[in-house]
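Inspection log for the structure reproduced underneath, given as structure tokens.
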Amino acid sequence: MAIDPTLRDALSAVTPASLARALTRAGVKAFTPHGLSARGSGAVVGPAYTMRMIPARDDAAGDLAAAIDAVPDGAVVVIDAAASGVALPFGAILAARLAQRGAVGLVTDAALPDEIGIPAWSRPAAAGGTLALVGTQERVACGGAAIHPGDILVCESTGIVAVPAAIAERVALEAVEQQRLDLWIQREVERGATLASLLPPDAAALARFESETKPA
């Protein structure tokens, strides 16, 4: 599940907002989890390793310990808990094991403590009860987003996006260019330019952008 270092650097260099615009232009939908808050600090980029959990009944559940032990190095663990707000059965030992496995982050629509030892995004606690593991490495829903195993998750305090691996390189390049353009437009506005020709940029504005930002 390793990501090419050049691709990782490109995705790390752009904001979730720039990636979101590139994904929208590519026709991708439901790529942003909503209603999740950062726990701890840090921005992470990594392939999704997915788990699905449901409210526990009396019957047997999946082996959560084995699922944690199967998490590959560098993964962002995404846990679909049906937006329940129930606390994950993640004690200090399981959280520590995730870190030992090399997981770089955790994204879930369940509840978490404020700190679990790795960067995490979750919902506030909303209900009592417990959760049971019912699947791993399946397509899941998390915070209203569709997450497929292997999607590249880009997670920051400002938001999260899931980039399909098959188009990740193209989306990253488009997002880098979008961010360059956004920064140029911001500088133009700070210099007193009107928005009429900048949002969206007309042909003359785009020509000036290319002229002023092209490599020497």
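Kindly indicate the residue of the range 50-71 that is outside any loop (DSSP other than H, G, I, E, B) and free of Cβ contacts under 8 Å to residues at least 40 places away in the same chain and also nearest to Ala95 (Cα to Cα) among those meeting that condition.
So the first thing to find is which residues in the range 50-71 are outside any loop (DSSP other than H, G, I, E, B), and the list is 50-55, 64-69.
Filter once more, so that each one left must be free of Cβ contacts under 8 Å to residues at least 40 places away in the same chain: 65-66, 68-69.
Working: Ala65: 11, Ala66: 14, Ile68: 9, Asp69: 11 Å.
Going through the qualifying residues, I end up with Ile68.
Can you say whether Ser84 is at pLDDT below 95, more than 17 Å from the chain's Cα centre (by Cα) and of a type in the set (Ser, Thr, Tyr), as far as the supplied structure shows? Working first, answer last.
Values: at pLDDT below 95: yes; more than 17 Å from the chain's Cα centre (by Cα): yes; of a type in the set (Ser, Thr, Tyr): yes.
So Ser84 passes the test.
Could you figure out which of (1) surrounded by 15 or more Cβ atoms within 10 Å (Cβ to Cβ); (2) free of Cβ contacts under 8 Å to residues at least 40 places away in the same chain isn't true of Val161?
With (1) surrounded by 15 or more Cβ atoms within 10 Å (Cβ to Cβ); (2) free of Cβ contacts under 8 Å to residues at least 40 places away in the same chain applied to Val161, the lone miss is (2).
Taking Ala126 as the residue in question, decide whether it is in contact with a Cys (Cβ under 9 Å, 6 or more places away or on another chain), surrounded by fewer than 23 Cβ atoms within 10 Å (Cβ to Cβ) and among the small types (Gly, Ala, Ser).
no
Can you pull out the residues in the range 115-148 that are assigned to a loop (DSSP other than H, G, I, E, B) and either in contact with a Pro (Cβ under 8 Å, 6 or more places away or on another chain) or farther than 22 Å from Val104 by Cβ (or both)? Quick ask: steps written out before the conclusion?
Just the residues of the range 115-148 that are assigned to a loop (DSSP other than H, G, I, E, B), to begin with: 115-119, 124-126, 128-130, 137-139, 143-144, 148.
Pro124, Ala125, Ala126, Gly128, Gly129, Thr130, Gln137, Glu138, Arg139, Gly143, Gly144, His148 - these are the residues of the range 115-148 that are assigned to a loop (DSSP other than H, G, I, E, B) and either in contact with a Pro (Cβ under 8 Å, 6 or more places away or on another chain) or farther than 22 Å from Val104 by Cβ (or both).
So if I check each of Gln186, Gln178, which one is part of a helix (DSSP H, G or I), without any contact (Cβ under 8 Å) to a residue 40 or more places away in the chain and not assigned by TED's automatic domain parsing to the domain that holds Val77? I'd like the intermediate steps shown before the answer.
On the way: Gln178 fails: without any contact (Cβ under 8 Å) to a residue 40 or more places away in the chain.
So the residue among Gln186, Gln178 that is part of a helix (DSSP H, G or I), without any contact (Cβ under 8 Å) to a residue 40 or more places away in the chain and not assigned by TED's automatic domain parsing to the domain that holds Val77 is Gln186.
Only one residue in Gly74, Gly46 is of a type in the set (Gly, Ala, Ser) and in a loop (DSSP other than H, G, I, E, B), so which one is that? Show your work before the answer.
Working: Gly46 fails: in a loop (DSSP other than H, G, I, E, B).
It is Gly74.
Can you confirm whether Leu88 is within 19 Å of Val140 (Cα to Cα) and touching a residue at least 24 places away in the same chain (Cβ under 8 Å)?
Working: within 19 Å of Val140 (Cα to Cα): yes; touching a residue at least 24 places away in the same chain (Cβ under 8 Å): yes.
So Leu88 passes the test.
The values are calculated or read from the model by the stated rules, or taken from the named source; none is laboratory data. A quick note: this is a predicted structure, and the numbers were derived from the prediction, not measured. As a convention, Cβ positions derive from the backbone with ideal geometry for all residues, glycine included, and neighbour counts pool all protein chains shown.
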